1. Which of the helices (runs of 4 or more DSSP H) found entirely inside the stretch 203-321 contain at least 1 residues meeting this: surrounded by 15 or more Cβ atoms within 10 Å (Cβ to Cβ) and touching a residue at least 60 places away in the same chain (Cβ under 8 Å)?
2. Counting just the residues of the stretch 99-129 that are without any contact (Cβ under 8 Å) to a residue 40 or more places away in the chain and either assigned to a loop (DSSP other than H, G, I, E, B) or under 18 Å from the mean Cα position of the chain (by Cα) (or both), which one comes out surrounded by the most Cβ atoms within 10 Å (Cβ to Cβ)?
3. Looking at the stretch 128-180, which of its residues are within 15 Å of ligand 2 (Cβ to nearest atom), in contact with a helix residue (DSSP H, G or I) (Cβ under 8 Å, 6 or more places away or on another chain) and either among the hydrophobic types (A, V, I, L, M, F, W, C) or not assigned by TED's automatic domain parsing to the domain that holds residue 389 (or both)?
4. With (1) surrounded by fewer than 17 Cβ atoms within 10 Å (Cβ to Cβ); (2) touching a Ser or Thr at 6+ places or on another chain (Cβ under 9 Å) as the list, and residue 324 as the residue in question, which single condition is left unmet?
5. Quick check on the stretch 346-353. Is at least one of its residues closer than 27 Å to residue 255 by Cβ, in a helix (DSSP H, G or I) and out of contact with any Phe, Trp or Tyr (no Cβ under 6 Å at 6 or more places or on another chain)?
6. Out of all the residues in the stretch 95-116, which are in contact with a His (Cβ under 8 Å, 6 or more places away or on another chain) and either among the aliphatic types (A, V, I, L, M) or within 15 Å of ligand 1 (Cβ to nearest atom) (or both)?
7. Taking the stretch 130-177, which residues are over 23 Å from residue 105 (Cα atoms), within 16 Å of ligand 1 (Cβ to nearest atom) and either in contact with an Asp or Glu (Cβ under 9 Å, 6 or more places away or on another chain) or part of a loop (DSSP other than H, G, I, E, B) (or both)?
Amino acid sequence: MSVADGYIALVTPYNEGCAHSVSALTGTNVNSKIHLLREYLAESERHPEMSHAVFLHAAGDARVAPFNLREGAPGETLIDVAAVGLCGSDLHYYKDGGIGSAVIAAPFVPGHEFSGWLTEDLPALGLARGSLVAVDPNQACGHCEHCREGHPNLCPEVVFIGAPPNDGAMTERIWVPTSQIVPVPQHFTPSDAVMLEPLGVAIHAVDLAKPRLLERVALLGCGPIGLLILQVLRTVGVGEILVCDPQPHRRALALKLGASKAGESVADIAKWTDGEGLPLVIEATNAPEGFRDAIRAARIGGRVVLVGIPDGDSYVVPAAETRRRGLTIKFSRRMGHVYPRAIELVALGKVDVEAVVSHRFRLDEGPEAFRRHAANEAGMVKSLIYPGDPAPRRR
Ligand SMILES: [Zn+2]
Ligand SMILES: [Zn+2]
């Protein structure tokens with residue numbers, strides 16, 4: 001059920017035992033929707049303690065439980081979470097219990113890709129209460145060497161919403177630094193706004209790759225990030241894009257979104273290029289072999305950009321093959337200042353973020369979403385969770 005299809009749902013989160021009671025109302029009138037939204041906001045303000053969240057306790061252990069909303073700090077704004085994405089990095093916390101040194105020491109709430117509705121006016125940003133906004137989860141310190149050099153994504157002092165120990169947005173309401181709020185065009189949907197973060201990761205990867213006009217590109221991995229990279233590559237005028245992914249539904253989606261050829265593995269890319277490889281390779285897999293495969297897809301003297309996070313936090317790299325090719329290798333880490341371009345790509349229709357979203361869940365179905373992604377269930381690409389929407393599947 002959504003604003004977009006002419007329905008709006010009113011969730012009243014104050015019934016017995018925090019169970020949600022839902023009354024759905026129909027109507028296409030925008031004013032009535034805004035009115036309903038405001039009513040909902042007013043209700044939830046009277047009952048701020050009634051909140052739930054998805055908690056990751058350890059590897060393979062995700063639970064929904066009541067969530068005590070903390071007090072807001074100066075410079076923060078409370079937003080009602082509209083939609084939150086389940087990212088490959090969230091999945092790593094679920095599958096491995098951590099990513100490298102960032103481990104789950106205590107139950108935490110994941111979710112760094114999210115959009116929400118303001119619970120107060122923000123005149124400085126020209127935004128009224130009830131406005132849909134995106135949130136940049138990466139709060140860099142702003143004064144270290146790396147921040148000053150223009151790399152906030154590399155800031156060692158970063159506070160990242162949704163990476164332990166910082167609770168994220170898989171919950172109904174969240175306090176966020178007002179400075180991290182990103183206004184979005186009025187016609188954006190909650191899913192458009194939530195997808196700006198992964199799209200930003202894709203833009204950053206393509207920035208690092210510096211593709212040349214009509215250059216042929218190999219793209220390894222057709223998950224959400226890979227499919228967004230594919231679309232960004234199409235906007236910058238590269239030549240053929242040869243992709244590979246073990247899952248047939250992801251290959252099909254890649255072809256639909258503009259890949260020239262889609263194979264099962266890097267062996268197909270090698271075959272299509274007579275073993276020569278391509279001058280530019282972008283890797284967006286979650287496989288420990290992703291680095292090795294990227295090297296095998298690269299031409300002598302080529303460039304490789306690694307975007308994926310490997311399962312088990314280790315790469316497999318054949319030293320001689322890598323060295324003999326004289327490759328330039330870059331590691332992509334989150335993103336820089338990319339939101340304005342991400343917004344423009346979506347607003348202009350140059351990137352179809354909606355095409356990448358395969359599943360939508362309620363908040364109480366969050367653990368199921370993790371389980372199904374971890375099991376690599378066929379058909380799953382990107383899942384979004386809608387904490388305030390009782391029937392997100394109808395979207
Ligand atoms: Zn992410
Ligand atoms: Zn910094």
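The values are calculated or read from the model by the stated rules, or taken from the named source; none is laboratory data. Since we're looking at a predicted model, the values are computed, not measured. Note that we place each Cβ from the backbone using ideal geometry, even for glycine, and neighbour counts take in every protein chain shown.
1. Result: 224-235, 248-256, 290-297.
2. Across the stretch 99-129, the extreme among qualifying residues is 121.
3. 140, 141, 154, 155, 158
4. Failing condition for residue 324: (2).
5. Looking through the stretch 346-353, at least one residue is closer than 27 Å to residue 255 by Cβ, in a helix (DSSP H, G or I) and out of contact with any Phe, Trp or Tyr (no Cβ under 6 Å at 6 or more places or on another chain).
6. 99, 104
7. Matches in the stretch 130-177: 134, 135, 136.
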